[in-house]
Amino acid sequence: MNMNPIPAREGNHNLQDYEKTYNGFNWNEMKKQFSWNSTGKVNMAYEAIDRHAENPDTKDKVALLYSAPDKEETLTFNELSKKSNQFANVLKKHQIEKGDRVFLFMPRSPEFYMSFLGILKVGAIAGPLFEAFMEQAVHDRLEDSEAKMLITTPELLERVPQDKLPYLKQIVLVGGMKEGKQYISFDQEMKKASENFDIEWVDLEDGMLIHYTSGSTGKPKGVYHVHNAMIQHLATGQWVLDLKEDDVYWCTADPGWVTGTSYGIFAPWLNGVTNVIRGGRFSPEDWYGTIEKHKVTVWYSAPTAFRKFLSAGSEVASKFDLSSLRHILSVGEPLNPEVIHWGIEAFNKRIHDNWWMTETGGQLISNYPSLDIKPGSMGKPIPGVEAAIIDNEGNKLPPNQMGNLAIKKGWPSMMRQIWKRPEKYESYFIGDWYVSGDSAYMDEDGYFWFQGRLDDVINTSGERVGPFEVESKLIEHPAVAEAGVIGKPDPERGEIIKAFVTLREGHQESDDLLEDIRLFVKNGLSAHAAPREIEIRETIPKTRSGKIMRRLLKSWELGLPTGDTSTLEE
Ligand code: WTA
């Protein structure tokens, strides 16, 4: 395969200008683009929506373009501003105050975005949950965050164990009502609510958003972000997404994941561009059709989707007019060089890989438009960000040596807390370095190359799954005694989840049982967390202190040397 760097497009801003502009860049520069820089009044929702709604040049521009197989709807900045004001009034009426956690558990829809923005407008903290979560996953997140209100649909309500959530006081139902409890009807309340609202001005360091993400041990952790993150979202929207006034932008990620908020809500709207939101499931035809129909210019997706396009073949791509595309980006897992070369064939465009995490709140390392791409590399740090490869003591390592990928503290969108777990938050840092948990190396030219996760976290189709959460669910199954879960490399999904289980007395291995166990996880936790492979074993290897040795399971599975097994239990 051709491994030469792929040069930047002609006519784009060139690298020398870029580096000259940003040499010695200071984040204070970026602040000048916000209205609070002169007014002192801060709120993300104001900067993203109301500011454009107050401007005669942009108020009637389409902000949200919702496109689903059965429904299409557009909202201008002015309309979205009013709708989110209405919902903010609904929240106020029901005693939601600054700092309260309000969670959303529903599919992508215009109502989701009205609600989300309304939550920010009252100064509350939004917690978006992926619609595929099942009861246990929903419970753990609502319980940990002590969410006071949940916005959901009648269909999803059955996955909300209301009697086990003492802090949950109110439930708003979107798209229909249910008998019984005192539910709040989204439709009825919105009809009654005023379109004017006095937005709650906050501090840049006030909480805005909690995303739950998986670690290798324990329950998912609440990654807490503040309004200050907008500085990074605005900047990376310009530098990395390359957003221009007339762009039609489409980020394919669900807002239950961080990409779907930072880059599916904040970056496009802070930059005042039209944001395409697509509902429904993935298929190459539907997705290509979305690009063709809405003349999408900037498209942000993930390797797992690009690999599916690749296997669908170039004939499928050639049936659609994709010529509107100007800029394509990818995040979530390593972008295979093969996919980049295919992208050039299929779209006549480079796919720009970039690296970041839930905890970092925004892009940090990227292939920005003016940079030559080395296929397989995540690119270089953006202006104002210092990235390095360090050892476990915090010393920088020389080029081409593998180590911890770390970022110098202080970028604007860095998480400010792990909700209620200060010791967990502290554990991310060595001195001034935020340590990502990824291993990587940097080459002589300053490009970063991803090598893998250092912990046991599984990355399946771009989604982080903590083995512990899956194991916990597995052992709730009546036939399962113990479980160990690993990620197994897979050409399409990056990794798939493989579970090793021991059976309780009186249970026999059978295909039906394996399928039943798989469905148990799928229905109890979520489809993406369900193991694709399950293997029954006599024992699960553990350390003397009782920790499951996933590393050992993985070595066995892959036929690799087992390394140090000194802590293995007899
Ligand atoms: C992985 C998603 C390789 C990495 C925004 C990271 C990547 C984790 C890349 C974060 C990339 C993300 N190349 N690996 N370009 N981008 N990752 O929190 O392991 O869902 O730590 O955030 O995904 O996943 P998260």
Paramagnetic reach from GLU73 in the stretch 166-209 [backbone N under 17 Å; point 7 Å along Cα→Cβ]: 172-177, 185-193, 195
Gained length - ARG281 relative to ILE430, 0.36 nm times residue gap less alpha-carbon distance: 49.5 nm
For the stretch 192-296: rounded, prolate or oblate by the Cα gyration tensor [a/c cutoff 1.5]: oblate
Reach of LYS181 by Cα under 17 Å, taken over aspartates and glutamates that are not fewer than 8 positions away in the same chain: GLU155, GLU158, ASP163, GLU189
Greater than 29 Å apart at Cα, pairs in LYS308/LYS488; LYS31/LYS169; LYS31/LYS380; LYS221/LYS349; LYS148/LYS473; LYS164/LYS424: LYS31/LYS169; LYS221/LYS349
Area accessible to solvent at PHE116, 1.4 Å probe radius, in Å²: 0
Share antiparallel - DSSP beta bridges, the chain, percent rounded to 5: 60
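Relative contact order for the stretch 415-542 using alpha-carbon pairs under 8 Å, separation at least 6, rounded to a whole percent?
18
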Per-residue [θ]222 nm for the chain (sum of -39500 (n - 2.57) over DSSP H runs n ≥ 4, rounded to 500): -7500 deg cm²/dmol
Efficiency of FRET between SER439 and ASN28 - r from beta-carbon atoms, R0 22 angstrom, step 0.05: 0.10
In nm, spacing of pseudo-spin labels at SER38 and ASN196 (7 Å Cα→C-beta vector): 2.4
Cα gyration tensor category, rounded, prolate or oblate, for the stretch 97-217 with a/c compared to 1.5: oblate
Cubic angstrom per residue, convex hull over Cα atoms of the stretch 418-567: 175
For ASP242, solvent-accessible area (1.4 Å; no DNA, RNA or ligand), Å²: 0
Most positive-pole-ward Cα, GLY559, PHE500, LEU454, against dipole of the chain from beta carbon charges: LEU454
Using distinct alpha-carbon pairs, which all enter the 1/r mean, Kirkwood radius of the stretch 332-402 in Å: 13.7
R0 of 60 Å, Cβ-Cβ distance LEU519-LYS408: FRET efficiency to nearest 0.05: 0.85
Cα-based Rg of the chain normalised by 2.2 N^0.38 Å, two decimals: 0.96
Computed accessible area, LYS473, all protein chains, 1.4 angstrom probe, square angstrom: 20
Across LYS41/LYS244; LYS32/LYS244; LYS41/LYS61, pairs whose alpha-carbon gap is larger than 21 Å: LYS41/LYS244; LYS41/LYS61
Relative contact order computed over the stretch 128-243 (Cα-Cα under 8 Å; 6+ residues apart), in percent: 19
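The values are calculated or read from the model by the stated rules, or taken from the named source; none is laboratory data. What you see is a predicted model; the values in this text were computed from it and never measured. With ideal geometry, Cβ positions are generated from the backbone for all residues, glycine too; neighbour counts draw on all protein chains shown. These accessible areas exclude ligands, DNA and RNA; they are computed on the full protein's heavy atoms, side chains included. Shrake-Rupley method; radii C 1.70, N 1.55, O 1.52, S 1.80 Å.
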